[in-house]
Amino acid sequence: MSDLVIQIRDLVRTYEMGVETVHALRGVSLEIRRNEYVAIMGPSGSGKSTLMNLIGCLDTPSSGEYWLNGQEVSRMPDDALARVRNREIGFVFQTFNLLPRASALANVELPLVYAGTGARQRRERAEAALTRVGLGNRMDHRPNELSGGQRQRVAIARALVNEPAILLADEPTGNLDSTTSEEIMRVFQTLHDQGQTIIMVTHEADIAAHAGRVVVLRDGRIASDTRQREAAA
Amino acid sequence: MMLRDAVGMALTTIRTQKLKSFFSLLGVLIGVTFLIAVVSIVQGMNVYMEDQFANKLVGLNTFQIRRMPNFTDASEEQWREWSRRPRINYVEADFVESRMETPAIFSRFCSERLPLVWNGTTAKDVDVWTADAPMFRIKNLDLESGRVFTPQEAELGQAVVVIGWEIGEKLFKGADPMGKSVTIEGLPYRVIGLLAKQGTLFGISLDKFAVVPFDSPVHRVACRYGFMDEFHIQAGNVEGMQAALAETQEAMRIQRRLKPAQDDNFALQTAEGALEGWKKISAVLMTALPMLVSVSLVVGGIVIMNIMLMAVAERTVEIGIRKALGAKRRDIMAQFVVESATLATLGAAIGIATGIGLAFAVRSLTPLPAAVAPWSVLLGVSLGVAVGMIAGIYPASRASRLDPITALRAE
């Protein structure tokens, strides 16, 4: 039980679009263990974004249960969800989503600001996280002074700084060329080797191939869930 | 999230958008500038009026018996009533002086604007005072050179004159005026004293006058015989002045046979009374000021609110990111309220600097000694913070209610 980071049972999410009801998720059950590296795939409209938002605690399900790291989060109010996002989830987005006016260091410190960490400890941990992704010498640069790959690594450092239960990546290589994509995938692989649980939403099969397990969604349901041999680093 | 972090974030945002920030805080800036400048000038005026105006024009611990109050505005009807009053005569003045038990000094006084001529040069419109010798003490007039008139000269009404500093300059151009004979109303007056320079009051020279003995020939022009414009009485201190005032009022009422029900038909002009006109003006300014300030602060607040609403719209993605990273509603709320308050406080700070600058400019360019009041600075800062916070609440609450998924997808 303690080995399960994510436990999802019969998750349903419907949206009211005017008079129509859109069934984005029609009952998804999923369990993810600690240190798993999971790719979630599926065509657009399959519900993978909805599932990602639910896993990321940005949204709550219409019905079903979601246990994250031993807490039932599917019925939590807004501020409690914010706390869970802050402590348990590290987001990596397709568009990096860094604050443009803040330095790399300030961006990485941001989750710690909301965690209420003191200024000195914040700085130390943010520096450590940036060093971990190989940006120890770029801390004072602003996002527009960094390459795409470097920006994504800042985002990864930001995601890791609170030592979250899961690293949740949404198309992390969608805005990167193939060389840089490989570079980011190597960072993910290293984190995975160090014990980080990673969930990655992607529609690119070669990116998904890096993960040890691929979950494919179709029409709001899980179409397949396959464990593949560990990809070579 | 701690306040320091929020202020830090706000300053970063303001720093990166200097021009926009400056325009948005213009309203608050102007409001606070007004506040500081007007309060400084009024306060400076208060000090000036009390120290300079009242004491120079009336004298310290001094009052005058007059037919009607000076330095005051009154209705037409009031003026007509005052004009029917009897003038102050010698008998009354003597009676007051003889009954006075409080230690005091006295001087009769009349004045007239007359030309002074020496050696073909004319000083026009000189305020010629006819007064008794104690007048120099009452008005605290210092001598540059020479002497004031002796009791004997005063008694005999001799044709001697003590001239103001400016008259000396004008007529004698640096030469020693002592013993020279100037012509006043066709008669020669011997210059016996030159007064020290007093400077200006509201830009009007205080040195363009001359003093002659009360009973000297000029008196015929300045006052009708037997009467005077003012009878000056100076006590040694504030308590003495109060006592002397009471004694004088009593003596005058006895002398004029006024019944208890009758009002005084004379005026006792004090420095306090001389300030009445100014007090009215300053009261009007101080009443108008809050209105001026609040109008510009309300406008300033609305401007800031609009800017903050724009900022929230522009930074929707940022808000989404912050929420995704764990910002609670109150964190977002705090961020925008603090940003708005910081903006307005910055405006207030610049306003205070501008206001103080204006006050100093007034001080150096005009005779008014503007004095910055610490309370107005404090009030300016608090108003800035308050306006900013109030203006920030609505935009901040809109920002805090944004849905993180929608916000992240904006652009």
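What follows is calculated from the coordinates using simple rules that are stated; it is not laboratory data. Quantities reported herein were computed from a predicted structural model and do not represent experimental measurements. So basically every Cβ, Gly included, is an ideal-geometry build from the backbone, and we count neighbours across all protein chains shown.
With the convex hull built on the Cα atoms of the protein assembly as shown, state its orientation-averaged projected area in nm².
About 45.8 nm², averaged over all directions.
Efficiency by 1/(1 + (r/R0)^6): what FRET value for residue B:280 and residue B:375, r their Cβ-Cβ distance, R0 = 30 Å, to the nearest 0.05?
Calculated transfer efficiency: 0.85.
Cα axis of helix B:276-314 to longest principal axis of chain B: angle in degrees, 0 to 90, nearest 10?
The helix B:276-314 is inclined about 10 degrees to chain B.
When you look at the Cβ of every residue in A:78-86, what mean number of other chain Cβ atoms sits within 10 Å?
Partner Cβ neighbours, averaged per residue: 5.
Using a Förster distance of 41 Å, how high is the FRET efficiency between residue B:403 and residue B:4, based on the Cβ-Cβ distance and rounded to 0.05?
Efficiency at R0 = 41 Å is approximately 0.90.
What does the charge add up to near residue B:157, with Lys and Arg as +1, Asp and Glu as -1, over the other residues with Cβ less than 15 Å from its Cβ?
-2
Could you list, in their original order, any pairs among B:124/B:197; B:56/B:279; B:124/B:180; B:56/B:180 whose Cα atoms are separated by more than 24 Å?
B:56/B:180
Which residue fluctuates the most in chain B, going by a Gaussian network model with Cα springs under 10 Å, if the choices are B:261, B:349, B:222?
Result: B:261 has the largest fluctuation of those listed.
Starting from the Cα of residue B:81, step 7 Å toward the Cβ, then list every residue of segment B:238-273 with an amide N under 16 Å from that point.
Flagged as within label range: B:259, B:261-268.
To the nearest 10 degrees, how steep is helix B:26-48 against the longest Cα principal axis of chain B, on a 0 to 90 scale?
20
Could you tell me the calculated FRET efficiency between residue A:119 and residue A:19, based on Cβ-Cβ distance and R0 = 41 angstrom, to the nearest 0.05?
In this case the efficiency is close to 0.20.
Excluding residue B:25 itself, what net charge comes from residues whose Cβ is under 14 Å from its Cβ, given Lys and Arg +1 and Asp and Glu -1?
+2
If the reach is capped at under 27 angstrom between alpha carbons, list the lysines near residue B:323, excluding any in the same chain fewer than eight residues apart.
Output for residue B:323: A:48, B:18, B:20.
Give the Kirkwood hydrodynamic radius (Å, one decimal) of chain A, defined as one over the mean of 1/r across all pairs of different Cα atoms.
When all Cα pairs of chain A are included, the Kirkwood radius is 18.1 Å.
Rounded if a/c is under 1.5, else prolate if a/b is larger than b/c, else oblate: which is segment A:51-131, with a ≥ b ≥ c the root eigenvalues of its Cα gyration tensor?
Since a/c reaches 1.5 and a/b is larger than b/c, the shape of segment A:51-131 is classed as prolate.
Where does helix A:104-115 land angle-wise versus the long Cα axis of chain A, in degrees 0 to 90, nearest 10?
60
Thinking of segment B:55-95 as a set of Cα atoms, what percent of all their pairs are more than 13 Å apart?
Result for the distance tail: 64 percent.
In what order do B:197, A:48 fall by count of nearby beta-carbon atoms within 10 Å, going from fewest to most?
B:197, A:48
Among rounded, prolate and oblate, which fits segment A:1-85 when a ≥ b ≥ c are the square roots of the eigenvalues of its C-alpha gyration tensor, a/c under 1.5 means rounded, and a/b larger than b/c means prolate?
The shape class here is oblate.
Could you check which residue among A:12, A:22, A:216 shows the biggest mean-square fluctuation in a GNM of chain A with a 10 Å Cα cutoff?
Highest fluctuation among the options: A:22.
Rounded, prolate or oblate for segment B:1-118? Axes are the square roots of the Cα gyration tensor eigenvalues, ordered a ≥ b ≥ c, and the cut-off for rounded is a/c under 1.5.
Prolate shape, in that a/c is at least 1.5 and a/b is the bigger ratio.
What residue among B:251, B:341, B:324 has the largest mean-square fluctuation in a Gaussian network model of chain B, using Cα springs under 10 Å?
B:324
Taking every pair of alpha-carbon atoms in segment A:100-202, give the share separated by more than 17 Å as a whole percent.
So the pairs more than 17 Å apart make up 50 percent of the total in segment A:100-202.
Over the whole of B:398-410, what's the average partner chain Cβ count within 10 Å per residue? Rounded to a whole number, please.
2
Run the lone-cysteine check on the protein assembly as shown: no other Cys C-beta under 4.7 Å from the residue's C-beta.
Those would be A:57, since no other cysteine Cβ in the protein assembly as shown comes under 4.7 Å of theirs.
Out of all Cα-Cα pairs in chain B, roughly what percent, to the nearest whole number, are more than 35 Å apart? Display every interim value, and only then the final one.
On the way: 43008 of 84255 pairs.
Value for chain B: 51 percent of Cα pairs lie more than 35 Å apart.
Going 7 Å from the Cα of residue A:34 toward and past its Cβ, which residues in segment A:51-75 have a backbone nitrogen under 18 Å from where you end up?
From segment A:51-75, the list is A:67-72.
Tally Lys/Arg at +1 and Asp/Glu at -1 over every other residue whose Cβ is under 13 Å from the Cβ of residue A:203; what's the total?
-2
Expressed as a fraction of 2.2 N^0.38 Å, the rule-of-thumb size for a compact globular protein of N residues, what is the C-alpha radius of gyration of segment B:254-361?
Against the compact-globule rule of thumb, the ratio is 2.14.
Please tell me the relative contact order of segment B:28-136 in percent, rounded to the nearest whole number, where contacts are Cα pairs under 8 Å and at least six residues apart.
15
Seen from all sides and averaged, what is the projected area of the convex hull of the Cα atoms in segment B:77-169, in nm²?
9.0
Write out the GluC sites (Glu not before Pro) in segment B:40-106 meeting two conditions: DSSP loop, and at most 14 other Cβ atoms within 10 Å of their Cβ.
Here the GluC sites (Glu not before Pro) that fit, given the DSSP loop and packing criteria, are B:101.
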